[in-house]
Every structure is written in structure tokens, then in C-alpha cells.
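The next block holds one structure in the form of C-alpha cells; read it before the comments.
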Amino acid sequence: MTKPFQFKASDVKVEKRETVFQGFFRMDKLWLTHARFDGREMPVFTRELFIRGDATCVLPYDPERDEVVLLEQFRLGALGRDQSPWLLELVAGMNEDGESPEEVAQREGQEEAGLTFEPLDKICDYLVSPGGSTEMIHLYCGRVSTEDAGGLYGMEHEHEDIRAHVVSAEDAIAMIHDGRINNAAAIIALQWLELNRARLRQGWQ
């Protein structure tokens, strides 16, 4: 049987690349070819690529109270669907040049929820939509105290309007199972919490 990952980036040839849109985000058009599994080379074809920087997301969790903090805010991408465009999400932010994901996590924790994480547990890194976007998410779970958590946050000059909710872990996990939470970062993090919750409650290492 053949094994996966036989190809590398060097097996792709970009014949031409141009920026077709530059705004808050960027869109490039690429003319490219690449190796095929049958040994031939793919004819030159075009694709549009959404250029978006990496981001960091954190699930704030209090193992003593068995509670999480989830952020409610408007998301344009959910508008027009059969649901509210105000979603329950994680603490999240774009990675700036020179910042580590851990630094982004702490910055966004303060800006979006008034929280500091100690410690931060790495969950995973994942590509959001690799068929057409460059974005990678760095996903964490961060220990917090929810005793005084909750309230209104956000950077007004960035047009953020955020309500931080304190939710029992049980209720948050139920919301991914019944579809009330349907964004990828929150689903992955809460499923990870479901698997690791007992360990974290016994003693976060």
C-alpha cells in the first residue's frame, strides 16, 4: 500500500501570481500546476486564495467551578443563515507580526474578557479552510477563575461589541451537541475539554 504525504511543497509550481483584491483582507489569483498521484503533472489551472493571517483562540476554563467563559458577538459570515448571526465563541484574535500565539492569547484574554490565563494548554493547530484560505488557528485551553468573569468588553475602535458569558462546562458541551455552538474553534476546544475535563479537575499540570 502507498503511504500518505509523498508530495512536498516543491512538487507545486506557481507559474504566475497576482493580487486581485486588497482591503481589510487580500485575495490573490494563482496559476499553478502540481504532481499527480498517477505520475503525471496537472495541467496549469487557476485558483483564488484568501490571504488571511494566523489567529489564536482560547477556551477559558475554571476547573474548580467547572465553568467556561464564552464570548457572544456579531459575525458577518453567519448573516443570512437560519440562525442568529450573534455567535458564542472563544477568546480569539489575529496574530500580529513578532507575537507568539501565547502572547496573542494573553492580550486577547484581557481585551475581550478581562482574563489572564495560567497556565495555557495547547490543544492543536489547524487550517481553517485550506481549499481557499491561508489561515491557521492556534488553539488553547487556559485556566482562569470565573468568580468575577463576565460582562461587556471589546475594543471600540475595532468595532468590537462583546458580551462574556460564564457557562457551566456541562451546558457548553451540550450546546455543541445540539448545534447552538457551530463554529469550528469552539467545537474543537469543547470536545477537547469533554475528553480532558476529569484530568484538569483533578489537578491541572
- Would you check if there is a residue in the stretch 88-103 being crowded, with 16+ Cβ neighbours inside 10 Å, in the same structural domain as A185 (by the TED database), in contact with an Asp or Glu (Cβ under 7 Å, 6 or more places away or on another chain) and among the small types (G, A, S)? yes
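Per-residue answers, yes or no, for (1) modelled with pLDDT of 95 or more; (2) of a type in the set (G, A, S); (3) touching a Phe, Trp or Tyr at 6+ places or on another chain (Cβ under 8 Å):
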residue	(1), (2), (3)
V14	yes, no, yes
E18	yes, no, no
A55	yes, yes, no
Y61	yes, no, no
E72	yes, no, yes
E108	yes, no, no
- With the condition kept exactly as written, say whether any residue in the stretch 141-159 is modelled with pLDDT of 95 or more, under 15 Å from the mean Cα position of the chain (by Cα) and within 22 Å of G203 (Cβ to Cβ). yes
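May I ask you to verify whether L87 is assigned to a strand (DSSP E or B) and modelled with pLDDT of 95 or more? It would help to see each step written out before you state the result.
Values: assigned to a strand (DSSP E or B): yes; modelled with pLDDT of 95 or more: yes.
Criteria met by L87.
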- Message: Just checking, does the stretch 175-190 include any residue being open to solvent by less than 90 Å² (accessible area, probe 1.4 Å), free of Cβ contacts under 8 Å to residues at least 12 places away in the same chain and under 17 Å from the mean Cα position of the chain (by Cα)?
- Response: yes
- Message: Can you tell me which of (1) open to solvent by 40 Å² or more (accessible area, probe 1.4 Å); (2) within 21 Å of L200 (Cα to Cα); (3) outside any helix (DSSP H, G or I) is the one L59 doesn't meet?
- Response: (1)
- Considering the stretch 6-38, residues that are among the hydrophobic types (A, V, I, L, M, F, W, C) and exposed (fewer than 13 other Cβ atoms within 10 Å of the Cβ), and then whichever is farthest from the chain's Cα centre (by Cα), we arrive at F37
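Would you mind finding the one in R52, R40, R81 that is over 23 Å from L127 (Cβ atoms) and not aliphatic (A, V, I, L, M)? Please lay out each step first, then the result.
Numbers: R52 fails: over 23 Å from L127 (Cβ atoms); R81 fails: over 23 Å from L127 (Cβ atoms).
That would be R40, the only listed residue that is over 23 Å from L127 (Cβ atoms) and not aliphatic (A, V, I, L, M).
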- Scan of the stretch 120-140 for residues that are more than 30 Å from R47 (Cβ to Cβ) and open to solvent by less than 50 Å² (accessible area, probe 1.4 Å), ordered by number: L120, D121, Y140
- Note on the structure: When every residue in the stretch 62-84 that is assigned to a strand (DSSP E or B), open to solvent by less than 60 Å² (accessible area, probe 1.4 Å) and of a type in the set (A, V, I, L, M, F, W, C) is compared, the one nearest to E194 (Cα to Cα) is V68
- Message: For the stretch 40-56, which positions are over 26 Å from E18 (Cα atoms) and assigned to a strand (DSSP E or B)?
- Response: T56
- Note on the structure: Per the filter on the stretch 174-194, residues touching an Asp or Glu at 6+ places or on another chain (Cβ under 6 Å) and farther than 20 Å from K122 by Cβ are none
- Say whether the condition of being surrounded by fewer than 19 Cβ atoms within 10 Å (Cβ to Cβ), in contact with a Gly (Cβ under 8 Å, 6 or more places away or on another chain) and in contact (Cβ under 8 Å) with a residue 60 or more places away in the chain is met by at least one residue in the stretch 141-160. yes
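The values are calculated or read from the model by the stated rules, or taken from the named source; none is laboratory data. Not measured: the values here are computed from a predicted model. Reconstructed Cβ throughout: ideal geometry from the backbone, glycine too, with neighbour counts over all protein chains shown. Each accessible area value is taken on the protein alone, full model and side chains, heavy atoms only, with ligands, DNA and RNA left out. Shrake-Rupley method; radii C 1.70, N 1.55, O 1.52, S 1.80 Å.
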